[in-house]
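Undergrad: This is the structure I want to talk about, given as structure tokens.
Derivation of every value follows stated rules applied to the coordinates shown; laboratory data play no part. Here the structure is a predicted model, which is why all the values come from computation and not from measurement. Counting neighbours? That spans all protein chains shown, and the Cβs are built from the backbone with ideal geometry, glycine included.
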Amino acid sequence: MEKKVYNGEEGEDHFKYHSTTLIPLLTPYKLGIFQLSHRIVLAPLTRQRSYGNVPQPHATLYYSQRSTRGGLLISEGTVISETGKGCPCTPGIWTREQVEAWKPIVNAVHDKGGIFFCQIWHSGRVSTYDYQPNGEAPISSTDKPLKLQLRAGGIELNAYSPPRRLKAKEIPEVVNDFKVAAMNAIEAGFDGVEIHGAHGYLIDQFLKDRVNDRTDEYGGSLENRCKFALQIVEAVCSAIGPHRVGIKLSPFDTYNDAVDSNPLELGLYMAEALNQNGISYIHMVVPRWEATEDPSDDDDVLLPIRKAFKGCFMVGGGYNRKTGSKVVEENRADLVAYGRSFLANPDLPKRFELNASLNEYNRETFYTDDPVVGYTDYPFLEETA
């Protein structure tokens with residue numbers, strides 16, 4: 001049977017017809033106004049190589065390496081304001097300099113035929129005085145300090161400064177910061193934005209009832225706890241259009257000490273509420289962190305949320321070629337986001353097509369500030385042959 005399969009060659013049609021078994025991950029998908037040629041998405045990955053919070057020229061090569069015609073990329077977490085910073089060398093999108101610095105990076109992705117969304121992010125209490133303007137306390141839904149945390153991968157311990165609970169009258173200012181960041185992203189050339197509402201950062205600090213201890217209209221009931229996130233979505237949609245908006249959520253995840261007593265109820269409420277906005281997609285994190293676990297074991301947990309949401313449903317968190325294809329084939333997700341494997345294999349779609357072996361990632365270079373090592377030096381398939 002004739003099938004369309006990604007050939008990975010530059011300067012030619014992205015797909016060619018030949019006789020083969022087409023894995024579900026390599027089938028086309030219509031994401032609103034965007035026609036995707038496959039369902040393998042570059043997950044947002046913090047890289048900490050944006051010196052002074054300004055995107056650097058070496059990011060142009062990094063993202064273009066991972067671009068394919070009709071492939072979706074999501075940028076690393078990009079800070080929306082001075083108060084949003086939580087770790088060193090993360091890019092921002094609140095200044096003119098930052099917007100201009102993103103433009104050649106976005107252009108490089110588009111030159112390869114890729115589709116590029118910017119993940120807009122505020123770290124909330126996952127921060128320290130050192131990263132805040134005038135050495136002030138990080139802002140959050142609460143004034144409860146974050147417990148001492150192991151950094152991703154268990155590399156080192158992070159001690160965070162006690163946060164300051166946002167006053168209700170201040171919240172519209174933060175909502176507006178997200179709106180302006182989204183507008184700046186579109187000005188920089190991005191095709192859309194992904195609102196970072198996961199992993200214990202600011203939005204998640206409002207969503208989760210073990211973090212949010214407010215007694216005002218932004219705390220207490222599930223509806224109140226979700227109000228901040230939904231106000232941000234509404235503001236961003238009004239500014240750039242819902243077809244250019246996605247959101248990342250992790251109701252089952254406990255990273256950064258963000259726990260909810262009823263994560264399924266939280267996920268279902270958000271999915272049903274987001275249907276009203278008509279956003280492009282939900283990016284849902286499967287509730288697993290150990291690399292030895294099979295993420296498909298958690299598909300049943302996410303399935304009710306998948307059924308409740310009427311738009312595109314993206315999943316991420318430890319999928320490989322087999323499990324990613326399985327979740328698409330069984331209609332448990334439309335798209336699958338790959339992080340560490342896409343980092344170590346800039347030609348991941350081609351490797352999946354050929355069922356080729358993968359480069360191993362080097363965890364020790366995940367968060368260095370080197371512009372090459374652990375960033376743009378992972379070899380392509382033809383370089384390892």
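Undergrad: Which pairs, out of Lys227/Lys307; Lys248/Lys350; Lys167/Lys208; Lys85/Lys322, put more than 29 Å between their alpha-carbon atoms?
TA: Distance filter (> 29 Å) returns Lys85/Lys322.
Undergrad: For a quick check, take a GNM of the chain with Cα springs below 10 Å and name the residue from Ile80, Ile232, Ile171 with the largest mean-square fluctuation.
TA: Result: Ile171 has the largest fluctuation of those listed.
Undergrad: Between Ser357, Ser141, Ser250, find the one with the highest GNM mean-square fluctuation for the chain; connect C-alpha pairs within less than 10 Å.
TA: Maximum fluctuation in the GNM of the chain, among the listed residues, is at Ser357.
Undergrad: OK, next. Compute the orientation-averaged projected area for segment 25-384 from the convex hull of its Cα atoms and round it to one decimal in nm².
TA: 15.8 nm²
Undergrad: Rank by packing, highest mean first: peptides 314-321, 114-121, 233-240, with packing defined as the count of other Cβ atoms within 10 Å averaged across residues.
TA: The densest-packed peptide leads the list: 114-121, 314-321, 233-240.
Undergrad: Give me the dipole magnitude in Debye, nearest 20, for segment 25-384 about the Cα centre, with unit charges on the beta carbon: positive for Lys and Arg, negative for Asp and Glu.
TA: So the magnitude is around 440 debye.
Undergrad: So how much slack lies between Phe380 and Asn362, counting 0.36 nm per residue of separation and subtracting their Cα-Cα distance, in nm?
TA: Once the chain is fully extended between Phe380 and Asn362, it gains 4.9 nm.
Undergrad: Order the peptides 40-48, 194-202, 301-309 from the highest to the lowest mean number of other Cβ atoms within 10 Å of their residues.
TA: Put in order of decreasing packing, that is 194-202, 40-48, 301-309.
Undergrad: Moving to a separate point now. Classify segment 181-289: rounded, prolate or oblate, from the alpha-carbon gyration tensor (a ≥ b ≥ c, eigenvalue square roots; a/c under 1.5 rounded; otherwise prolate if a/b is larger than b/c)?
TA: It is prolate, given that a/c is not under 1.5 and a/b is the larger ratio.
Undergrad: Then there is this: Evaluate E = 1/(1 + (r/R0)^6) for Lys30 and Asn275, where r is the Cβ-Cβ distance and R0 equals 25 Å; express this FRET efficiency to the nearest 0.05.
TA: That pair, Lys30 with Asn275, gives E of 0.85.
Undergrad: Based on DSSP, what percent of beta bridges with both residues in the chain are antiparallel, to the nearest 5?
TA: 25 percent
Undergrad: Listed highest first by mean packing, meaning other Cβ atoms within 10 Å per residue, what order do 160-167, 368-375 come in?
TA: 160-167, 368-375
Undergrad: Now a separate question. Please name which of Gln48, Gly317, Leu274 has its Cα lying farthest along the dipole of segment 25-384 towards the positive end, using unit charges on Cβ (Lys, Arg +1; Asp, Glu -1) and the Cα centre as origin.
TA: Going by the charge dipole, the pick is Leu274.
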